[in-house]
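Report on the following structure.
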Amino acid sequence: MTYLSAESYSNVPAGERFRALLARPGILGIPGTHNGLAAQQSKDAGFEAAYLSGAAMTASMGLPDLGIITVDEVCFFIRQVARASGLPVLVDGDTGYGEALNVMHMVRSFEDAGAAAVHLEDQILPKKCGHLNDKKIAPAQDMAAKIAAARHARRHLYIIARTDAAASEGIEGAVARAKLYMEAGADAIFPEALNTEEMFREFARRMQGTPLLANMTEFGRTPFYTKEQFEDFGYKMVIWPVTSLRVAALAQEKLYKAIAKDGGAQNCVEQMLTRKDLYATIDYAGFEALDATIVKTIIPEAMPQ
């Protein structure tokens with residue numbers, strides 16, 4: 001069912017659908033989906049929620065993840081991912097794009113665009129990826145004020161407070177901040193850049209009863225752990241934030257080099273999604289069927305030769 005049909009929309013707000021997923025036993029795996037097509041593919045693979053990473057959004061725009069993009073630019077990504085997949089979408093809200101009023105504007109804008117959940121981090125601008133060095137951490141009370149503002153503005157949005165304090169303040173500092181953020185109104189906590197099993201387990205032990213999100217990013221500070229391992233550590237959600245973009249970007253890089261070398265893409269056909277499979281993913285036939293003036297498309301099965 002295409003997004004153009006009213007029947008494809010749920011009457012349940014996205015935030016409530018996200019909460020319902022978390023209310024079930026087990027851990028919720030949320031893959032990064034850097035655009036609408038990636039979101040559709042993740043849904044086809046069986047995932048029930050999608051994630052929009054700030055690092056993936058900025059990289060897809062050819063920009064570094066330094067807090068440069070705006071609320072409206074993020075809403076463009078939210079709309080396409082939520083629209084294309086119909087999944088509840090967790091969105092990276094960086095530092096909230098300012099202080100309390102800016103955070104409230106972000107919450108209202110994200111909800112209107114179709115977001116189900118957001119995470120806010122306790123860095124100051126210019127912010128960095130949580131797995132990089134020398135992050136600048138905001139005073140805990142300032143971050144708590146942002147969480148309270150987000151809580152005041154939201155209708156249904158699920159609010160996750162991310163703390164980047166473990167690198168500079170240790171587990172003690174990160175836990176203290178997490179407890180303050182929960183008191184301010186957060187629904188869950190995202191402890192960023194923990195780098196050992198012991199750290200993950202200790203944080204979960206100290207925050208028992210609080211839904212926790214783990215970040216399984218590549219080329220960062222966290223070793224590879226599976227969804228099942230994170231569940232065993234005591235976590236309720238796990239994201240793979242930039243994975244889809246990394247895979248897609250490498251494939252594109254190889255493609256462009258091959259075209260430049262070979263004078264065309266004729267040697268890359270085996271690495272391409274076929275027209276038939278692409279059209280199936282984006283439901284081309286479903287859109288066509290909504291307009292009786294469109295003659296049903298007959299898809300070429302293969303290259304002419």
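So the values come out like this:
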| read-out | value |
| --- | --- |
| Index of the failed condition, residue 111 passing every other in (1) open to solvent by 20 Å² or more (accessible area, probe 1.4 Å); (2) in contact (Cβ under 8 Å) with a residue 12 or more places away in the chain | (1) |
| Of all residues making up the stretch 254-270, the number that are assigned to a helix (DSSP H, G or I) and modelled with pLDDT under 95 | 2 |
| Of all residues in the stretch 280-305 being of a type in the set (D, E, K, R) and in contact (Cβ under 8 Å) with a residue 24 or more places away in the chain, the one that is surrounded by the fewest Cβ atoms within 10 Å (Cβ to Cβ) | 301 |
| Neighbours by Cβ (under 7 Å, 6+ apart or cross-chain): first from the stretch 1-27, among the aromatic types (Phe, Trp, Tyr); second part of a helix (DSSP H, G or I) and open to solvent by 70 Å² or more (accessible area, probe 1.4 Å) | 3/83 |
| Candidates 277, 232, filtered to the one that is more than 19 Å from the chain's Cα centre (by Cα), outside any loop (DSSP other than H, G, I, E, B), within 30 Å of residue 158 (Cα to Cα) and free of Cβ contacts under 8 Å to residues at least 60 places away in the same chain | 232 |
| Per-region count, the stretch 4-34, residues within 22 Å of residue 288 (Cα to Cα) and either at pLDDT 95 or above or not small (Gly, Ala, Ser) (or both) | 3 |
| Close pairs from the stretch 237-259: first touching a residue at least 12 places away in the same chain (Cβ under 8 Å), partner part of a helix (DSSP H, G or I) and open to solvent by less than 30 Å² (accessible area, probe 1.4 Å), Cβ under 7 Å, at least 6 apart | 238/230; 241/55; 241/56; 242/55; 242/56; 244/38; 245/56 |
| Residues of the stretch 114-143 satisfying the condition of being in contact with a helix residue (DSSP H, G or I) (Cβ under 7 Å, 6 or more places away or on another chain), open to solvent by 10 Å² or more (accessible area, probe 1.4 Å) and at pLDDT 95 or above | 114, 140 |
| Total residues in the stretch 68-94, condition open to solvent by 30 Å² or more (accessible area, probe 1.4 Å) and closer than 24 Å to residue 136 by Cβ | 3 |
| Filtered residue count, the stretch 185-207, keeping only those that are surrounded by 22 or more Cβ atoms within 10 Å (Cβ to Cβ) and β-branched (Val, Ile, Thr) | 1 |
| All helices (runs of 4 or more DSSP H) inside the stretch 117-228 with 2 or more residues being under 20 Å from the mean Cα position of the chain (by Cα) and without any contact (Cβ under 8 Å) to a residue 60 or more places away in the chain | 140-153 |
| Meets criteria (out of contact with any Ser or Thr (no Cβ under 6 Å at 6 or more places or on another chain), outside any loop (DSSP other than H, G, I, E, B) and either at pLDDT below 90 or open to solvent by less than 50 Å² (accessible area, probe 1.4 Å) (or both)) for residue 251 | no |
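Condition check ((1) on the phi < 0 side of the Ramachandran plot; (2) open to solvent by less than 60 Å² (accessible area, probe 1.4 Å); (3) touching a strand residue (DSSP E or B) at 6+ places or on another chain (Cβ under 8 Å)) across all residues:
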| site | (1), (2), (3) |
| --- | --- |
| 4 | yes, no, no |
| 7 | yes, no, no |
| 17 | yes, no, no |
| 26 | no, yes, no |
| 36 | yes, yes, no |
| 47 | yes, no, yes |
| 56 | yes, yes, yes |
| 61 | yes, no, no |
| 96 | no, yes, yes |
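The values are calculated or read from the model by the stated rules, or taken from the named source; none is laboratory data. Model, not experiment: these values are computed from the prediction. Every residue, glycine among them, receives a Cβ derived from its backbone with ideal geometry; neighbour counts consider all protein chains shown. Only protein heavy atoms, including side chains, enter the accessible area calculation; ligands, DNA and RNA are left aside. Shrake-Rupley method; radii C 1.70, N 1.55, O 1.52, S 1.80 Å.
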